[in-house]
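These notes are about the structure you will find just below.
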Amino acid sequence: NIYADEICFDAGLRPEMRTEKLKRADIVRLHAAILSCLQQGIDNLGTSISDFVNSKGQSGRNQDYLMVYGRKGEECRICRSEILKIRVAGRGTYYCQICQT
């Protein structure tokens, strides 16, 4: 959930958008966002929301860089609008209604 929310934000895509509706430009942005967000997670040793530790017993730091996940009601770091939480396919999903069109 964490990375899916962050990838959609980075790509500027609404989390409820159906994949068959994606245009070529959307797919290119989505691919770049997948690579970027996953690399950020790796660089920051993962995301330790509760009890995650890596194979060396270290907590991750990626939670300090999350743009939308777990930030319901807080300001978007880009446009300052409120981060919303909705349900998509039965899971809680965080997004910015302005940055993700």
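Below is a table of values for the structure above.
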{"quantity": "Accessible area expressed per residue, the chain, with surrounding protein chains retained (probe 1.4 Å, Å²)", "calculated": "64 Å²"}
{"quantity": "Under 14 Å, Cβ to Cβ, from E16 - net charge with Lys/Arg +1 and Asp/Glu -1", "calculated": "+3"}
{"quantity": "The stretch 58-101: relative contact order as a whole-number percent, Cα under 8 Å and 6+ apart", "calculated": "31 percent"}
{"quantity": "Cα-based equivalent ellipsoid of the chain: semi-axis lengths in Å, sorted from largest, via gyration tensor", "calculated": "23, 16, 12"}
{"quantity": "Principal axis dimensions, the stretch 29-70 - Cα atoms, whole angstrom, descending", "calculated": "34, 21, 11"}
{"quantity": "Set of aspartates and glutamates with alpha-carbon distance to K23 below 17 Å, sequence-local pairs under 8 removed", "calculated": "D10"}
{"quantity": "Solvent-accessible area, 1.4 Å probe, carbon plus sulfur percent, for the chain", "calculated": "52 percent"}
{"quantity": "The stretch 43-86: trypsin sites (Lys or Arg not before Pro) in DSSP coil with no more than 16 other Cβ atoms inside 10 Å", "calculated": "K56, R61, K72, R77, R80"}
{"quantity": "Phi-based couplings in Hz for the stretch 41-50 (Karplus 6.51, -1.76, 1.60; Gly and Pro marked x)", "calculated": "x, 5, 4, 9, 6, x, 10, 9, 6, 10"}
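The values are calculated or read from the model by the stated rules, or taken from the named source; none is laboratory data. All figures in this text were calculated on a predicted structure; none of them were measured in a lab. Here Cβ is always computed from backbone atoms with ideal geometry, including for glycine, and neighbour counts include all displayed protein chains. Note: accessible area is taken over every heavy atom of the protein model, side chains too, but ligands, DNA and RNA are not part of it. Shrake-Rupley method; radii C 1.70, N 1.55, O 1.52, S 1.80 Å.
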